[in-house]
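First up is the structure itself, then whatever we jot down about it.
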Amino acid sequence: MIQKLRLFLILPLFFYSCGVTESEYKPDIAIEIEHNLPVIDGVPTLTLNQNMWQNIHYIDFKVTLDGRPAEYSSFSFNSNLFWFIGDTNSYGKKNCLDCSMYTIGDHSENIHDPVPTSNYRSLTDSDGETRNAIAPVSIMKGETYRLWWDVWVTSICTTLHKL
């Protein structure tokens, strides 16, 4: 039986510019997101395959700085859903980025830390592109998946001098 998982994306953005004062330079930073999912009732929706434990899906990001690809932009990712090694009856959930995790389902004690359902870090390539793998598990059907990210965009400031 195929169930659906809804994906909710949240974007906090941070940037750094080479010590130039704000009045001198205001960077134009743009982030394009391609979730690669069908949109159902206005929400990107991942169909979970119940015959597989983990359902891996990729979300693509492109960063530009002043209209040019932003090479080596650093992404930090967090999600609201976690699973436990050896436990197929429960999973962990957070309602916000800084909230404590609580358990849903019949949780058996284990010695393992919760396993995140998202990669933690990524860097953009020379085209300003990167991707993040999310991997919810089958018992999370019907949940809303939240993905938060921070992006650090840097520019190389150079000064040309005439000789």
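The values are calculated or read from the model by the stated rules, or taken from the named source; none is laboratory data. Note that this is a predicted model, so its numbers are computed, not measured. Cβ sites come from the backbone with ideal geometry, for glycine too, and all protein chains shown count toward neighbours.
For this structure, a couple of remarks:
- Enumeration of residues in the stretch 79-99 that are assigned to a strand (DSSP E or B) and of a type in the set (S, T, N, Q): Ser79, Thr88, Asn89, Ser90
- The lone exception for Ile85 - which of (1) in contact with a His (Cβ under 8 Å, 6 or more places away or on another chain); (2) at pLDDT 95 or above it fails: (2)
- For the stretch 96-111, filtering for residues that are among the polar types (S, T, N, Q) and either in contact with a Ser or Thr (Cβ under 7 Å, 6 or more places away or on another chain) or under 18 Å from Ala135 (Cα atoms) (or both) leaves 1.
- Lone qualifier among Leu46, Leu5, Leu37 - being part of a loop (DSSP other than H, G, I, E, B), of a type in the set (A, V, I, L, M, F, W, C) and either modelled with pLDDT of 85 or more or surrounded by 11 or more Cβ atoms within 10 Å (Cβ to Cβ) (or both): Leu37
- Condition broken by Tyr58, with the remaining ones in (1) within 20 Å of Asp150 (Cβ to Cβ); (2) buried (at least 16 other Cβ atoms within 10 Å of the Cβ); (3) of a type in the set (Phe, Trp, Tyr) satisfied: (2)
- The residues of the stretch 127-163 that are at pLDDT below 95, more than 21 Å from Leu37 (Cα to Cα) and among the small types (Gly, Ala, Ser) amount to a single one, Ser155.
- Screening the stretch 100-156 for strands (runs of 3 or more DSSP E) wholly inside it with 3 or more residues that are closer than 14 Å to Ala70 by Cβ and either touching a residue at least 40 places away in the same chain (Cβ under 8 Å) or not aromatic (Phe, Trp, Tyr) (or both) returns the ranges 144-153.
- Criterion violated by Asp28 - all others in (1) at pLDDT 95 or above; (2) of a type in the set (D, E, K, R); (3) touching a Ser or Thr at 6+ places or on another chain (Cβ under 9 Å) satisfied: (1)
- Tally of residues being of a type in the set (A, V, I, L, M, F, W, C), over 16 Å from Ser118 (Cα atoms) and in contact (Cβ under 8 Å) with a residue 24 or more places away in the chain across the stretch 38-91: 6
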